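The values are calculated or read from the model by the stated rules, or taken from the named source; none is laboratory data. On a predicted model such as this, the values are computed, not experimentally measured, just so you know. Neighbour counts are summed over all protein chains in view; Cβ atoms, including those assigned to glycine, are modelled from backbone coordinates with ideal geometry.
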Amino acid sequence: MSHETGDCLFCRIRDGEVPSTKVYEDEQVIAFKDINPKAPLHVLIVPRKHIATINDITEADAGLAGHLFLVAKQVAADAGYGDIGYQVQMNCLKGGGQVIFHIHLHLLAGGRSGPLLPAG
Ligand code: 5GP
Ligand code: ZN
């Protein structure tokens, strides 16, 4: 099922089995453009390690979780939004709007600011 590494879209993108437009990568994370952008800049920042949801993050992953924010800051700055401003969001489980069960930080900039999740 979708909570496992074997059938995970973002693991397949990480492994190059599914194409993506990468904007950043290092030994811990990859970042690529969202296929259905909700703002002029919409990048997904994804740890190489498969972690299904925020609920699955452990103390051992604390540095990695923090690193996602540092990469968001860097990608935003590189795209020219460092001083203008930007949004980051991570969804947890279906009720929180999560569709892909491999954690990822959404980085959005350049559009109308507001929640990513629809009301209701
Ligand atoms: P979630 O709802 O899980 O927080 O966000 C999943 C995001 O992944 C959505 O914004 C969706 O547009 C994006 N997405 C889904 N499939 C693909 C894909 O194959 N490639 C890319 N680049 N993004 C995808
Ligand atoms: Zn995965």
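Observations, loosely collected:
- Residue match in the range 17-34 (condition: under 12 Å from the mean Cα position of the chain (by Cα), assigned to a loop (DSSP other than H, G, I, E, B) and under 13 Å from residue 100 (Cβ atoms)): yes
- Filtered residue count, the range 11-34, keeping only those that are out of contact with any Leu (no Cβ under 9 Å at 6 or more places or on another chain) and surrounded by fewer than 17 Cβ atoms within 10 Å (Cβ to Cβ): 11
- The one condition from (1) under 11 Å from the mean Cα position of the chain (by Cα); (2) surrounded by fewer than 19 Cβ atoms within 10 Å (Cβ to Cβ) that residue 43 does not meet is (2).
- Applying the condition of being aliphatic (A, V, I, L, M) and more than 14 Å from ligand 1 (Cβ to nearest atom) to the range 1-60 and asking which residue is modelled with the lowest pLDDT yields 1.
- Qualifying residue in the range 7-16 (condition: over 17 Å from residue 111 (Cβ atoms), outside any helix (DSSP H, G or I) and without any contact (Cβ under 8 Å) to a residue 60 or more places away in the chain): yes
Rundown of residues vs (1) within 26 Å of residue 7 (Cα to Cα); (2) in contact (Cβ under 8 Å) with a residue 40 or more places away in the chain; (3) in contact with a strand residue (DSSP E or B) (Cβ under 9 Å, 6 or more places away or on another chain), yes/no style:
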| position | (1), (2), (3) |
| --- | --- |
| 27 | yes, no, no |
| 39 | no, yes, yes |
| 46 | yes, yes, yes |
| 70 | no, no, no |
| 95 | yes, no, no |
| 100 | yes, yes, yes |
| 106 | yes, yes, yes |
